[in-house]
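**Student:** One structure coming up, written as structure tokens, with questions to follow.
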Amino acid sequence: MNPRFPPVTAAGDSLAVATGTALAALDAPDTNVEIEPAQDYAIELVATFCPAAAAQFDSMRLVAGLQTVDSNVYVDFKRSLPLWWLGSVYRTGEVSPNSQVFAYTSHTDSFSMPITKDITLTHDSGGWKVPLYDATDYSVMVGFGLGVDLVFPAYLAEAPPATLLTVAAGGYQLARSAGAQTIGDVVASNQEAWSMPLGSAYLLTFDASGTGHLTKR
């Protein structure tokens, strides 16, 4: 596991504070995929997440789950890898960042993340609001995590001081492993990946040559 991007416990002080109630009764959209290989290839996949559009600043996809496909596999993302908003503040020279999460229901979720005594991140229908902070001492990132009791960073974008960022949810992704990838590793842009926007069911098949084909069900 990459110590720079550790999981966040989805409980206690790691949970952000809701600042809106309009969507409190809603859940994130159901998203699932059935994976069918033509034969046993022991296909190694990693789970990550992608935004609806490119971030305004540097960003990265991270491995948030592992899956080996030997025969048919069914993944209910909402149950196995539910989606969370994630904010992270890393202080230069320290081992790991301080982070908080908030359960995702829609792009208009409203919450506050008092991550350190000096840095509180907020989010509402206008996006992420990042306060002024000393960029020589801190690195702030915002995005999405996946997980149940432990939430693993899946997509993070840089959040410079005193900025307003829009990081809208796109969908889950399964990518072909680059080999020996583990939780928290960066998913490279050249890794073959299949994107699954939220709210639909998908079928991912691998033919006799091992080529993957994604269709919407």
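**Student:** So what's the net charge close to G184: Lys and Arg +1, Asp and Glu -1, counting the other residues with Cβ under 15 Å from its Cβ?
**Tutor:** Neighbourhood net charge equals +1.
**Student:** At 7 Å along Cα-to-Cβ for each site, give me the label-to-label distance between S80 and T108 in nm.
**Tutor:** Label at S80, label at T108, 3.2 nm between them.
**Student:** Right, next: Under the rule a/c < 1.5 gives rounded, and otherwise a/b versus b/c splits prolate from oblate, where does the range 171-212 land using the Cα gyration tensor?
**Tutor:** Note, shape of the range 171-212 comes out oblate.
**Student:** Whose amide H sits under 5 Å from the amide H of V151, counting only residues 5 or more places off or on another chain, with H placed in the peptide plane?
**Tutor:** So V151 has HN proximity to V8, T9, A10.
**Student:** With n ≥ 4 as the cut-off for DSSP H runs, can you work out [θ] at 222 nm for the chain, using -39500 (n - 2.57) per run divided by the number of residues, rounded to the nearest 500?
**Tutor:** Taken over the chain, the calculation gives -500 deg cm²/dmol.
**Student:** Ok, one more. Provide, as a two-decimal number, the C-alpha radius of gyration of the range 68-198 over 2.2 N^0.38 Å, N being how many residues it has.
**Tutor:** 1.13
**Student:** Specify the longest stretch of the chain that does not include any exposed loop site, a site being one of the GluC sites (Glu not before Pro) with a non-H, G, I, E, B DSSP assignment and at most 16 other Cβ atoms within 10 Å.
**Tutor:** 95-191
**Student:** Something else: Between E44 and H213, take the C-beta separation as r, use R0 = 22 Å, and let me know the FRET efficiency to the nearest 0.05.
**Tutor:** 0.80
**Student:** Computed FRET efficiency, Cβ-Cβ of D30 and N190, R0 30 Å: what is it to the nearest 0.05?
**Tutor:** 0.45
**Student:** Choose one answer from F77, F206, F152: the residue with the largest mean-square fluctuation in a GNM of the chain with alpha-carbon springs under 10 Å.
**Tutor:** Residue with maximal mean-square fluctuation among F77, F206, F152: F206.
**Student:** Need the list of lysines near K78 for cross-linking: C-alpha distance under 25 angstrom, and skip anything on the same chain fewer than eight residues off.
**Tutor:** Here the lysines satisfying the reach criterion relative to K78 are K216.
**Student:** Consider all pairwise Cα distances in the range 123-195 and report the whole-number % of them above 17 Å.
**Tutor:** Percentage above 17 Å: 57.
**Student:** Could you give me the radius of gyration and the Dmax of the range 74-113, taking only the C-alpha atoms into account and expressing both in angstrom?
**Tutor:** Cα only, the range 74-113: 13.6, 41 Å (Rg, Dmax).
**Student:** Can you list residues from other chains, or at least 5 along the same chain, whose modelled amide H is less than 5 Å from the amide H of L15?
**Tutor:** When sequence neighbours closer than 5 places are left aside, the close amide H contacts are V101.
**Student:** Please give the peptides 96-106, 180-190 ranked by average Cβ packing (other Cβ atoms within 10 Å per residue), highest first, as a rough proxy for protection.
**Tutor:** Ranked by mean Cβ neighbours within 10 Å, highest first: 96-106, 180-190.
**Student:** What does the charge count around T116 come to, taking other residues whose C-beta lies under 14 Å from its C-beta (Lys +1, Arg +1, Asp -1, Glu -1)?
**Tutor:** The answer is -3.
**Student:** Along each of the three principal axes of the Cα atoms of the range 1-149, give the extent in whole Å, ordering the values from largest to smallest.
**Tutor:** Answer, in whole Å and largest first: 54, 40, 31 Å.
**Student:** Related question: Can you return the aspartates and glutamates within cross-link range of K117? Criterion is Cα-Cα under 18 Å, with same-chain partners fewer than 8 residues away left out.
**Tutor:** D13, E94, D134, D137
**Student:** Net charge within 12 Å of P97 by Cβ-Cβ distance, Lys/Arg positive one each and Asp/Glu negative one each, not counting P97 itself?
**Tutor:** Here the charged neighbours net out to +1.
**Student:** Taking a ≥ b ≥ c as the square roots of the Cα gyration tensor eigenvalues, with a/c under 1.5 meaning rounded and otherwise prolate when a/b beats b/c, else oblate, which class fits the range 84-161?
**Tutor:** oblate
Quick note: the coordinates plus some simple rules give every number you see, no bench work behind them. Here the structure is a predicted model, which means the values were calculated and not measured. Note: ideal-geometry Cβ built from the backbone for every residue, glycine included; neighbour counts use all protein chains shown.
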